[in-house]
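All of the numbers you see were taken from the coordinates with simple rules; none came from a lab. The model shown is predicted, which means the values in this text are computed figures rather than measured ones. Every residue, glycine among them, receives a Cβ derived from its backbone with ideal geometry; neighbour counts consider all protein chains shown.
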Amino acid sequence: MTNSPKAAPAPRHAGAPAQPQAVQALGWLHTARFLTTAPELRFLPALDVPEIAFVGRSNAGKSTCINTLTQQKQLAFASKKPGRTQHINLFALGKQGATDAVLADLPGYGYAAVPKQDKIRWQQVMANYLVTRENLKAIVLLCDPRHGLTELDEVLLEVVRPRVEEGLKFLVILTKADKLTRSEAAKALSIMKLQAGGGEVRLFSATKRTGIEDVAMLLWQWAHPDLEPAA
Ligand code: GDP
């Protein structure tokens, strides 16, 4: 996989003032609002703005991560409402009336209690979306580092590999980093860097607020490749 992102800005020390790029990126993410929901790709509107898809197994911390990045307590929990848990939920970003990107929240997979037929159907919906969604610009895979990549995560990586090789951006977020010791976190990070095949990897904690600015800046850059970040 050949992603060659711009050099990541140095992480900020706790208590230090936020970098202008981080303020810009977080302000942008905060504009997120519900756009639409659909049971599969063919019911989604065709869009011409960059789309960033969030994927991951159930309980990986995806909803918490989206809510934290957008600084909206309930946003991604819209995706957990009855009838929407198996849907693709889209959130628009950018000032009202000027949507410049979209976040796609894909259903969590691997939940043991789901009937096998539903699991298979869902894998097909997800693969179809990831392989053919035209405006898809980046994939964010949420992974709980205490469990590592699951079999379904590996399947997903295989499905998206050709698109990543063609330039689709890819980020693995290691969630709940507050549950790891410093050395466990360093180890999880280096293992995932090997597995992510050239994609980006970041540690993230909603409770300790680790990695939020860094991830926000990365997503902003990916959605605005032609704009210079705030100086
Ligand atoms: P989802 O199923 O992937 O959307 O996962 P959720 O966002 O619902 O999170 C699953 C569980 O992990 C919940 O109990 C969350 O409170 C917990 N969780 C999520 N993020 C963090 C985090 O950064 N730190 C800790 N300690 N727990 C978290």
Given a Förster distance of 41 Å, report the FRET efficiency between THR85 and GLN195 from their Cβ-Cβ distance, rounded to the nearest 0.05. 0.90
Using amide H atoms built 1.01 Å from N in the peptide plane, name the residues 5+ places from THR31, or on other chains, whose amide H lies under 5 Å from its own. GLY94
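By the scheme Lys and Arg +1, Asp and Glu -1, what is the net charge of all other residues having a beta-carbon under 14 Å from that of ALA186?
After counting each charged neighbour, the total is +3.
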Extended-chain gain in nm, criterion 0.36 nm per residue less alpha-carbon gap, ARG42 and ASP226: 63.3 nm
Tell me the Kirkwood hydrodynamic radius of the range 139-231 in angstroms, computed as one over the mean inverse distance between distinct C-alpha pairs. 14.0
For every other residue with a beta carbon closer than 11 angstrom to the beta carbon of LEU35, add +1 if it is Lys or Arg and -1 if Asp or Glu, then tell me the sum. -1
When 1/r is averaged over all different Cα pairs and the result inverted, which Kirkwood radius in Å belongs to the chain? 17.8
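In the range 189-231, which trypsin sites (Lys or Arg not before Pro) fall in coil by DSSP and have 14 or fewer other Cβ atoms within 10 Å? Mind showing how you got there, number by number?
Working: sites: LYS193, ARG202, LYS208, ARG209; in loops: LYS208, ARG209.
Sites meeting the loop and neighbour criteria: LYS208, ARG209.
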Would you compute, from DSSP H runs of 4+ residues alone, the mean residue ellipticity of the chain at 222 nm, taking -39500 (n - 2.57) per run and dividing by the full residue count, rounded to the nearest 500? -10500 deg cm²/dmol
Read phi for every residue in the range 100-112 and hand back ³J(HN,Hα) as whole Hz from Karplus 6.51 cos²θ - 1.76 cosθ + 1.60, θ = phi - 60°, with x for Gly and Pro. 10, 6, 9, 9, 10, 9, 8, x, x, 10, x, 5, 4
Hey, what D do you get for the range 69-164 in µm²/s if you plug the Kirkwood alpha-carbon radius into Stokes-Einstein at 4 °C and 1.567 mPa s? 86
Give me the net charge for the shell around GLY110: Cβ to Cβ below 9 angstrom, other residues only, Lys and Arg +1, Asp and Glu -1. 0
GluC sites (Glu not before Pro), loop per DSSP, at most 15 other Cβ atoms within 10 Å - longest free stretch of the chain: 1-133
